[in-house]
Each structure stands twice: as C-alpha cells, then as structure tokens.
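Written out below as structure tokens is the structure these notes cover.
Any read-out appearing in this document is the output of simple, stated calculations on the displayed coordinates, not a laboratory observation. This one's a predicted model, so the numbers in the text were calculated from it and none came from an experiment. Please note: Cβ atoms are built from the backbone with ideal geometry, for glycine as well, and neighbour counts cover all protein chains shown.
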Amino acid sequence: MVTSPARVLVVCTGNVCRSPFLERALQHELDRSWGPGHVEVRSAGTGALSGRPMEDQARTRLEALGYAADGFVARQVSTDLLAPADLVLTATRAHRGRVLPLHPAATRRVFTIREFADLVGDVPEGELERPGETAVEHVRRVVRLVGEQRGVRPPLPDDLADVIDPYRRPDEVFDAMARQVTEALPALVRALGHP
C-alpha cells in the first residue's frame, strides 16, 4: 500500500496545452515504472483557463502517442499545489519566475521541463539508482542531484530551455510543442522512474 506518493507539478500558462500534455504522458510512464499511486503528476497554469478541458490540438497529439486525455480540467496554480510538490516542472523560465513568489521555499525544486531533462544527463547513471527507495525518497534524492548540476556549466539558451506555446496557433506549432515535450520525456522517466 502506498502511503505518501511522490508529487510532481507541471506548470504552463493556461493549463490547456503544454502542462496537461506532459502531465498525462509522464503520469502514464511513471505508473508503468512504479505502479499506480506511487507518483502523482498534476498540472496547473499561471493564468489558467480554469474548468476547461485540454485543447483539441494538444489532445489529438497526446492520444496519437497512446496517452489518455479524458477527464482533464484546467486549474490555477496555487501555494496549495506548490507546497507539497517534490518537483515542479515549468514550460518556460518565465513560468518559473511566476511560481517562485507564490512559494519561495520551492526554489531548489523548480526547473523548466527541458532544463531538468538536460541536467539529468550530467548525473552519473549509478547515482540515479539506489534500490530499496520508495518513490518519494527516490524523487526527492534525484531532484537534489539534478539541482546540484545547476551552475556547473552555462545554462541552456531560452530557445532550448523553454517549450513553445502553441495556444491559438497553427498546427505546426502544436507539432513543435509535442516534439519538445516528447523529446524530454525519456530523460524525465529515466530520472524519476523506478531504478
């Protein structure tokens, strides 16, 4: 029985494209890795279109990858969501700047999606693995290890750190968003999944 899951929060602007796309894909993959209930992935927006479902263009691309979008409802980011999160992944650096004033204690746990995926590559494989840890112990330790990589080398430029905003834009921008998120997904699963 799982008593306390690891908690991951994904944040974008409206919470109808980027963050729900990653929320659903990452939840599926971590459920496959740890089993359901060990890691909880949620999402929210800094200017959420609260109560809305995922945008159709994002949903179509998510479902084409085999992930489910059913039942998704957008919500506004809040201190109540940030405080218990073991890891906060934002779509852009601007979102990181928007969430930190809500809960400054989360500073070391907030990364852009692509930044976290990039920094994981600098953590030696053996350090990610520690058999016997619970999911929450593992995620917290890995977030510390990834955080230690900040400042070791120059940060990514914004165009590589941020996930493009496709809201109300052409299909090719949704394609680019989906590609950026799915390219980051294996590194996220490698880091956060069961060792």
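List of remarks:
- The residue list 173, 189, 163 contains one member that is aliphatic (A, V, I, L, M), surrounded by 12 or more Cβ atoms within 10 Å (Cβ to Cβ) and closer than 17 Å to residue 11 by Cα, which is 163.
- Pairs with Cβ under 8 Å, 6+ apart, first in segment 39-58 and farther than 21 Å from residue 92 by Cα, second basic (Lys, Arg) and crowded, with 16+ Cβ neighbours inside 10 Å: 39/7; 40/7; 53/59
- Qualifying positions in segment 32-86 - more than 25 Å from residue 194 (Cβ to Cβ) and touching a His at 6+ places or on another chain (Cβ under 7 Å): 46, 79, 82, 83
- If you go through segment 142-174 and keep only what is charged (D, E, K, R) and out of contact with any strand residue (DSSP E or B) (no Cβ under 8 Å at 6 or more places or on another chain), you end up with 144, 148, 150, 153, 158, 159, 168, 169, 171, 172.
- Residue pairs whose Cβ atoms lie under 6 Å apart, separated by 6 or more positions or on different chains, with the first residue in segment 6-31 and farther than 14 Å from residue 186 by Cα and the second of a type in the set (S, T, N, Q) and part of a loop (DSSP other than H, G, I, E, B), are 13/46.
- When segment 51-88 is filtered for residues that are under 21 Å from residue 173 (Cα atoms) and among the acidic types (Asp, Glu), the ones remaining, listed by number, are 55, 56, 63.
- Counting the residues of segment 28-66 that are under 15 Å from the mean Cα position of the chain (by Cα) and either assigned to a loop (DSSP other than H, G, I, E, B) or among the hydroxyl-bearing types (Ser, Thr, Tyr) (or both) gives 2.
- Flag: residue 20 matches the condition of being more than 24 Å from residue 150 (Cα to Cα), surrounded by 21 or more Cβ atoms within 10 Å (Cβ to Cβ) and not aliphatic (A, V, I, L, M).
- Matching helices (runs of 4 or more DSSP H) fully within segment 80-146 where at least 1 residues are surrounded by fewer than 14 Cβ atoms within 10 Å (Cβ to Cβ) and not β-branched (Val, Ile, Thr): 93-99, 125-128
- Any hit, segment 142-160, residues being within 15 Å of the chain's Cα centre (by Cα) and polar (S, T, N, Q): no
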